[in-house]
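Everything below concerns the one structure shown next.
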Amino acid sequence: MRTIDDDPKAYEVFVQVGGSGKPLQYVGSVRGADPILAWHAAKEVFTRREDCTQLWVVPRAAVIRSDAEDRIVLSKGSARRYRLASYPSTRRRMRSRSELA
């Protein structure tokens, strides 16, 4: 893992569209002399067309990203079937089919 600190004036922008239950989405990046100016730039650029519920502007240096070496560690989770989203619902469907028969 490492931080992305190549530009101290770069900020990453996340928005929430459509209500408080919706997830934040990454929409892009802006540059600004300080966080307040970056927030206003992001508001002008990324909330022009849609109603935005939340706007997050994060310094790029605060973002931690994975490297190529982390690929093995990140892929280990897919080997556990019980962590997949379809695992419990598949069992429930099979159980309900057998109860109907």
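Tabulated results
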| read-out | value |
| --- | --- |
| Unmet requirement for R91, which otherwise passes all of (1) among the basic types (K, R); (2) modelled with pLDDT under 85; (3) within 18 Å of the chain's Cα centre (by Cα) | (3) |
| Where a residue in the stretch 47-62 is within 13 Å of Y26 (Cα to Cα) and its partner, wherever it lies, is surrounded by fewer than 16 Cβ atoms within 10 Å (Cβ to Cβ) and among the charged types (D, E, K, R), with Cβ under 8 Å and at least six apart | R60/D5; R60/D6; R60/D7 |
| Answer residue from the stretch 23-54, given it is of a type in the set (A, V, I, L, M) and more than 11 Å from V13 (Cα to Cα) and is surrounded by the most Cβ atoms within 10 Å (Cβ to Cβ) among those | L37 |
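Results for (1) on the phi > 0 side of the Ramachandran plot; (2) part of a strand (DSSP E or B); (3) among the small types (G, A, S), shown as yes or no for each residue.
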site	(1), (2), (3)
V15	no, yes, no
G19	yes, no, yes
P23	no, no, no
G28	yes, yes, yes
I36	no, no, no
H40	no, no, no
R49	no, no, no
Q54	no, yes, no
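The values are calculated or read from the model by the stated rules, or taken from the named source; none is laboratory data. Keep in mind the model is a prediction, meaning the values are calculated, not measured. Don't worry about glycine lacking a Cβ; one is built from the backbone with ideal geometry, like all the others, and counts go over all protein chains shown.
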